[in-house]
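The values are calculated or read from the model by the stated rules, or taken from the named source; none is laboratory data. The structure displayed is predicted, hence computed values, not measured ones. Methodologically, a virtual Cβ is constructed for each residue, glycine included, from the backbone with ideal geometry; neighbour enumeration extends over all protein chains shown.
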Amino acid sequence: MAGKAKRVLVTGGAGFIPSNFIRYLLDATPYEVVSLDALTYAGNIENLAEVMAHPRLSFVHGDIRDAALMRDVVSQVDVIVNAAAESHVEKSIIEGASEFVTTNVEGTQILLDAARESPVERFILISSSEVYGTADYAPMDEEHPLKPRSPYAATKAGADRLAYSYFVTYDLPVVIVRPFNNYGPRQHPEKVIPRFITQALAGEPLTIHGDGHASRDWLYVGDDAEAIVAIIEAELAAVAGEVLNVATGIDITISDIADLVLAALGKPRSLKVHLPERLGQVDRHIGSVDKIAERTGWRARTSFAEGLEQTAAWYRENETWWRAVLEREAERAAGRAGAPGAGASSSSAPAQRS
């Protein structure tokens, strides 16, 4: 059981990682939770449907770029977990970086300024391992150079360093968390593991950019939730101003993920189809786990085999959920294509997002 009750603001609360984190907070801690989300295409209120009536959860429909709203909300909480973000790599490449800059960088700045006006116990920024780019050495520790390789990753790096500057300049109790590739139930089917699972369930080809050699450190979302709580509960002196990887220390290639999904669902390996390599592809991501273990005692405890089994079972049992998400995304794409000046996509095949 966690320590004394706090009020925790979780921005982007209807998204994949934050909604799983909120359910963990409600289940495993005594904390009150404020979930804030603008409910764009990436935020799905159905992710919180089963807990929306929970007595310790309140929901605010709003945007972190709304400075007046953020000042009001932040004045009423003890801890901020800023997980609101535009996060789809391919979208940042194809559609442009504007929304990524305003949400990921400017939105973070607005929250940081609100926390200066109404001090909080700690401000946890959910950054991303994508800020590292391809590994110069492995495993990547928190001192690895930042070499973002997509507009999305660059905006996360900007927010990451902006938050650190507020610790240095204003002594704001900032902690920067760099999770590696999360997967698990309720993840948007654009992301690579749920996309492979849903494609396999539908008997469709599993589309892979390049030869599939790119590898990632795959972190089960429930383990990530436990890590964030451990950071909330750690001694402030141990984590304030620090960058903490949240990872497993093991990487698996995209091609192997496809094989594992097909095997788990009893589908033939012939469903694997290769596409041209994605622009800005990161070749290898594997995280050092030593620092977070030293500072908080946390280590990932879900093996990939166990996490994939749980994830595949969830998508198998919740086809209505993921088909509705895909239908909404298709409608959004059709709207873009029909807009004045809009161009057609270069490929009808689903994009790989990892």
### Query
Can you tell me which residues in region 134-155 are under 16 Å from the mean Cα position of the chain (by Cα) and either closer than 17 Å to residue 182 by Cα or crowded, with 24+ Cβ neighbours inside 10 Å (or both)?
152, 153, 155
### Query
Residues in region 183-192: is at least one assigned to a strand (DSSP E or B) and either closer than 22 Å to residue 81 by Cβ or charged (D, E, K, R) (or both)?
yes
### Query
For region 213-227, does any single residue satisfy the condition of being of a type in the set (Lys, Arg), touching a helix residue (DSSP H, G or I) at 6+ places or on another chain (Cβ under 9 Å) and farther than 21 Å from residue 311 by Cβ?
no
### Task
With the checklist (1) touching a residue at least 60 places away in the same chain (Cβ under 8 Å); (2) surrounded by fewer than 23 Cβ atoms within 10 Å (Cβ to Cβ); (3) over 24 Å from residue 309 (Cβ atoms) in hand, flag the one item residue 293 doesn't pass.
(1)
### Message
Looking at region 155-170, can you tell me whether even one residue there is under 30 Å from residue 318 (Cα atoms) and without any contact (Cβ under 8 Å) to a residue 40 or more places away in the chain?
### Response
no
### Summary
When region 26-45 is checked residue by residue, the ones that are under 17 Å from the mean Cα position of the chain (by Cα) and in a helix (DSSP H, G or I) are 45
### Query
Looking at (1) within 24 Å of residue 186 (Cα to Cα); (2) of a type outside the set (D, E, K, R); (3) within 19 Å of the chain's Cα centre (by Cα), which is the only condition residue 282 fails?
(1)
### Task
Of the numbered conditions (1) out of contact with any strand residue (DSSP E or B) (no Cβ under 6 Å at 6 or more places or on another chain); (2) at pLDDT 95 or above, residue 279 fails exactly one; give the number of that condition.
(2)
### Selection within region 296-322 - closer than 15 Å to residue 186 by Cβ and without any contact (Cβ under 8 Å) to a residue 40 or more places away in the chain
313, 317, 320
### Query
Residues in region 234-271 that are surrounded by 18 or more Cβ atoms within 10 Å (Cβ to Cβ) and among the acidic types (Asp, Glu): how many?
2
### Message
Could you tell me how many of the residues in region 193-233 are more than 21 Å from the chain's Cα centre (by Cα), at negative phi and in a loop (DSSP other than H, G, I, E, B)?
### Response
5
### Summary
Picked from region 301-330 (must be exposed (fewer than 11 other Cβ atoms within 10 Å of the Cβ) and at pLDDT below 95), the residue farthest from residue 192 (Cα to Cα) is 320
### Query
Looking at (1) of a type in the set (A, V, I, L, M, F, W, C); (2) in a strand (DSSP E or B); (3) closer than 17 Å to residue 282 by Cβ, which is the only condition residue 177 fails?
(3)
### Message
So for region 79-90 (the condition being at pLDDT below 95, within 30 Å of residue 195 (Cα to Cα) and part of a helix (DSSP H, G or I)), does at least one residue qualify?
### Response
yes
### Query
Can you tell which of 205, 189 is surrounded by fewer than 24 Cβ atoms within 10 Å (Cβ to Cβ), under 16 Å from residue 313 (Cα atoms) and either of a type in the set (Gly, Ala, Ser) or out of contact with any Gly (no Cβ under 9 Å at 6 or more places or on another chain) (or both)?
189
### Task
Among what's in region 234-273 and is among the β-branched types (Val, Ile, Thr) and assigned to a strand (DSSP E or B), pick the residue that is nearest to the chain's Cα centre (by Cα).
246
